[in-house]
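Since the structure comes first, as structure tokens, the remarks are kept for the end.
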């Protein structure tokens, strides 16, 4: 098990907080990650042990900001319950907050960014995603309690 998972296994929110020694203390420079096809998000399951869940997901960078998306998934439910997450990109973990964006102009623009980046695969997955309702698109922000900067 990686050190990240050991830190997460310490317990609930304290586990996510324990990552400060291992995670980057600044916001990612999103332009450096715009070409990544996949990243990892680490959330905590809603079980007695708050089991860490690492999930490989897609990332888009729209107008200099990172966004992720989920449908009716376990990791998505974890994020809705606790929006403080760890995002790992190129092996570096970042402590971030996943903030849902409402449907509207920005939502549609980010949705189009996913379509532009992932093409046919995104179109096919959209059919599956729509079964569980409208996907949630989340902006990846710094955590309010942590000193963040670009």
Obtain the nm distance between the two label points defined at residue 99 and residue 127 by a simple spin-label model: each point lies 7 Å from its Cα along the Cα-to-C-beta direction. 3.6 nm
Suppose a student asked you for the relative contact order of region 72-136, using Cα pairs under 8 Å spaced at least 6 residues apart; what percent would you report? 27 percent
At what distance in nm do the modelled label points of residue 115 and residue 35 sit from each other, each positioned 7 Å from its Cα along Cα→Cβ? 2.6 nm
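Values quoted throughout were computed directly from the atomic coordinates according to the rules given, and no laboratory measurement underlies them. Being a predicted model, the structure only gives us computed values, none of them experimental. Ideal geometry is used to build each Cβ from the backbone, glycine not excepted, and the neighbour counts take in all protein chains shown.
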